[in-house]
Structure formats: C-alpha cells, structure tokens
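Some notes on the structure that comes next.
The values are calculated or read from the model by the stated rules, or taken from the named source; none is laboratory data. Here the structure is a predicted model, which means the values were calculated and not measured. Positions of Cβ are generated from backbone atoms using ideal geometry, with glycine treated the same way; all protein chains shown enter the neighbour counts.
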Amino acid sequence: MEPAGHGPEVVAAGVDHPAAIARLVGARAAREREGLLRRLRTFERADGGHVVLGGRRLLNFSGNDYLGLAGHPAVVAALREAAIEHGAGATAAHLVCGHRRPHAALEALLAEWTGRESALLFSTGWMANLGVLQALLGAGDLCVQDRLNHASLLDGARLAGCALRRYRHGDADAAARQLAQPGEGGVAVLATDGVFSMDGDVAPLPALARVAADAGATLMVDDAHGLGVLGPDGAGSVAAAGLDAGAVPVLMATLGKALGTAGAFVAGSRDLVEGLVQAARTFVYTTAMPPALAAATAAAVGIARREHWRREHLAGLVAHFRAGAQRLGLPLAASETPIQPLLVGAAGRASALAAALETRGVLAVAIRPPTVPVGGARLRITLSAAHARADVDRLLAALAQVLEDGTAG
Ligand SMILES: *Cc1c(COP(=O)(O)O)cnc(C)c1O
C-alpha cells in the first residue's frame, strides 16, 4: 500500500535510492509542490524574548519559554554546577545506574508541586505519553481522546494496540457517548491536553472528570502548556480546575516549555508510578535524562513557584495583545493562555505573513497542515514573561503593517 498522496511514479531525479528511501524522497517532493515543505533553520540563539537568525536579532513570538526561564542565570548556573559534579550524561537507564540524586529530588519536588504522591521522570514528553498509554492499555481496551490532542497521545494509543476513538474538540458530552459505546470489556482511558498546544484553549476538565468517573474510565491530562502558567503557584490547568489525584489519576507534563529545560514527568499515586517503573518501555529502555538537567529543572521549578510576578506579567501581556489585536480587527482565537493563534486559513497566506513579519524583525512561525487541519493554517503567536509590553506593541505594529501592505494576500 502506498501512503496517501504519493505514488511509486514519483522518483528522485537522477539518484538511484532503495525503494523505501525513494518513496520518502517522493513524499518530500509532493510536500514541496503543495507548498507545505517544512524547513529546518539554524538559529544562533533563542530564549523567551528573542532569537538571533542569520545575524539578525528578532523578537521571538514562537517559543514555549512562557516564564522566561530557559536562559535564566540561576537555572543555567544550576546546570553548570551539577554538570561539574555529575558529568554531562547519566551513563545509563534509570533502572541500571542512571538514577541519581538530582533525579530523585526533582521527582519529589514535582510530586509536591502538583499535589500527587509520586512522580516519574521521562526523557521527553513524547516518550512519557507513549510509555504511559502503552503501560495502561492493550488490545481489547479503549482510549478516548479529544480530536486536537497532541500527536504523542494519539501515537501512544496506537502503540498500545487499543481501540482509539476521537471526540469533537472540547465536547465532554461527545466523550461520554464514546465511552458509553460498548467496547470489548477491557479498561478505558480518557486522555486530553490540559491546554491545547495549537489553539491555546483549556480543556473542560471538571466536565471530563465527571464523564470519566461516570464511565469508570481513567482520566489522563497532558499539561505540557499549563504547568508553570496556570493555577495556584503555577501548578497547572488541573490544579486551576481544583481537581485532585482522585479526579485526574494520571497527570503528565513536560519540562521543556514553561520550565525552560527539557524532559517530562508523570505524576499520580505511588502505585501508578511503581507500575510505570515496571511497564513503561520508554522509561525502562532509555538513558536517563542528564542529572544536571534535573538539577537545572529543580531550580526552574523553584522560580516558577515563587515568582508570581512572571505569571501576572504574562497575563497582562496576553490581555494587552488581545485588546490590540481586537482593535486591528484580527481573527483571534478563544484563548486566555499565552498561546494566541492568529487564524489565517490558507497555508500559503500564513507562510507569506510569517515571512513579511520576519523582514520587520518579528518571528511568528506559520503552523500549517498536517500539524493543524486543512484550512486551519495560522501564526501560532506565543507570549513570554521575557517580553515587555513594548515588544507586544512592536508585534501589533508589524501585524498592522503587513496586513495593510497586503503582503499576506
Ligand atoms: C510539546 C508537547 C509534548 C511533547 O513534549 P516533548 O518534551 O517536547 O517531547 C507532548 N504533549 C504536548 C501537549 C506538547 O505540547
């Protein structure tokens, strides 16, 4: 079977590749013809506020460094100091000899912050989602997911080999109907992003918790974009909704967004975590994250919890941006989070807008299908506590200019 959209007639010009690579080359060429080629660019620097690209300093409205911690001196100093003590890498998987004091300390800190008994580190959010779903679910089980969930949750359910049903975005009643349809008698997990990564809206978590409880399903929330940003002390969207470990037994979040480092964790009951240590293959069979990274993350968690001004400043920037965008008549999404997508529609128009902004010193990368649905291309504008109000004013002025110039048409 050929993957959709590129047949065997597409061959790379002049180069004799083996069939699997030839097909990949053909798929890439098809993307290029459709104007959907993804381009890898090398940046000289990036933090929450700015990037340097090709020697030019641009305002960065495309990162996920929501609290401005990626380049924070205390976080970088913690990384440096721990690297001197623990080296650059963990040398082995957690269960061999890779689990070190900074890992254990970070797990305890994350459990306490999120109000769970226990937490387990993973090397990336992608691996956490694959590992958890594959550990909890198998053939004969059911995973019900929001249509706009992150790709790693969808792939986790596929890897688990369970049935996967996807409900209309944000529709808890639709989730309930899918959970009520007879399965094969196995267990069910209802999985959702806490804050949707491309739209910025928050899942209806209390309603989903009721639906899961009524159906006897386990609710899992991926809070990659909520942790650090929402809730009391930045404990995330689940804490903001007032849901404890009883309502949300499986809480996953990443460390590479608001905390500015890299990695992820799953928090829940001690029994959940001890079960994952046995069964989550992406935990068992992979090198532990560098201990120095765990130490840096612990420093970031401390700042995120303590420095409320970062969240307050960020909320002020979000309000400032939305008010300005409204005055310009821009098509804003229903989002109160630092993810403020500007819906454009056609992929070509989104790319043209992004390019025009870049010539004006603003990085706002176009997100196109298949990352978002066809016709849903957008500029995924993100705000950071590292921005000043004047930066948001520059963004708004640049947007007004490029729209007036018709550069985007
Ligand atoms: C970024 C992201 C992930 C993946 O996390 P990584 O640590 O970058 O692999 C998972 N879920 C959501 C919702 C994300 O936004």
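Condition first: among the acidic types (Asp, Glu) and either away from the ligand (no atom under 15 Å from the Cβ) or at positive phi (or both). Now tell me which residues in the range 162-201 satisfy that.
Start the filter on the range 162-201 by keeping residues that are among the acidic types (Asp, Glu), which leaves 171, 173, 184, 193, 199, 201.
Of everything in the range 162-201, those that are among the acidic types (Asp, Glu) and either away from the ligand (no atom under 15 Å from the Cβ) or at positive phi (or both) turn out to be 171, 173, 184.
Just so you know, in the range 75-125 the residues that are away from the ligand (no atom under 16 Å from the Cβ) and in a strand (DSSP E or B) include one that is farthest from residue 265 (Cα to Cα), and it is 93. Taken over the range 318-335, residues that are at pLDDT below 95 and under 21 Å from the mean Cα position of the chain (by Cα) amount to 3. All told, residue 159 falls short of being more than 10 Å from the ligand (Cβ to nearest atom) and either in contact with a His (Cβ under 8 Å, 6 or more places away or on another chain) or outside the structural domain of residue 217 (by TED's automatic domain parsing) (or both). State whether the residues of the range 126-142 include one that is surrounded by fewer than 24 Cβ atoms within 10 Å (Cβ to Cβ), over 29 Å from residue 291 (Cα atoms) and within 16 Å of the ligand (Cβ to nearest atom). So far as the range 126-142 goes, no, none of its residues is surrounded by fewer than 24 Cβ atoms within 10 Å (Cβ to Cβ), over 29 Å from residue 291 (Cα atoms) and within 16 Å of the ligand (Cβ to nearest atom). None of 228, 256 is assigned to a loop (DSSP other than H, G, I, E, B) and closer than 21 Å to residue 130 by Cα except 256.
One residue alone among 260, 236 is at positive phi and in contact with a Gly (Cβ under 7 Å, 6 or more places away or on another chain), and that residue is 236.
State the number of residues belonging to the range 288-317 that are buried (at least 19 other Cβ atoms within 10 Å of the Cβ), in a helix (DSSP H, G or I) and under 22 Å from the mean Cα position of the chain (by Cα).
Step one: list which residues in the range 288-317 are buried (at least 19 other Cβ atoms within 10 Å of the Cβ), which gives 288-301, 303-304, 310-311, 313-314, 317.
Still in the running and in a helix (DSSP H, G or I): 291-301, 303-304, 310-311, 313-314, 317.
In the following step, the residues that additionally are under 22 Å from the mean Cα position of the chain (by Cα) were identified as 293-301, 303-304, 310-311, 313-314, 317.
Qualifying residue count for the region: 16.
When the criteria are applied in full, residue 377 fails the requirement of being in contact (Cβ under 8 Å) with a residue 60 or more places away in the chain, crowded, with 23+ Cβ neighbours inside 10 Å and in contact with a helix residue (DSSP H, G or I) (Cβ under 6 Å, 6 or more places away or on another chain). In the set (1) part of a helix (DSSP H, G or I); (2) within 16 Å of the ligand (Cβ to nearest atom), the condition left unmet by residue 148 is number (1). Of the residues making up the range 41-80, those that are within 19 Å of the chain's Cα centre (by Cα) and over 16 Å from residue 256 (Cβ atoms) number 2.
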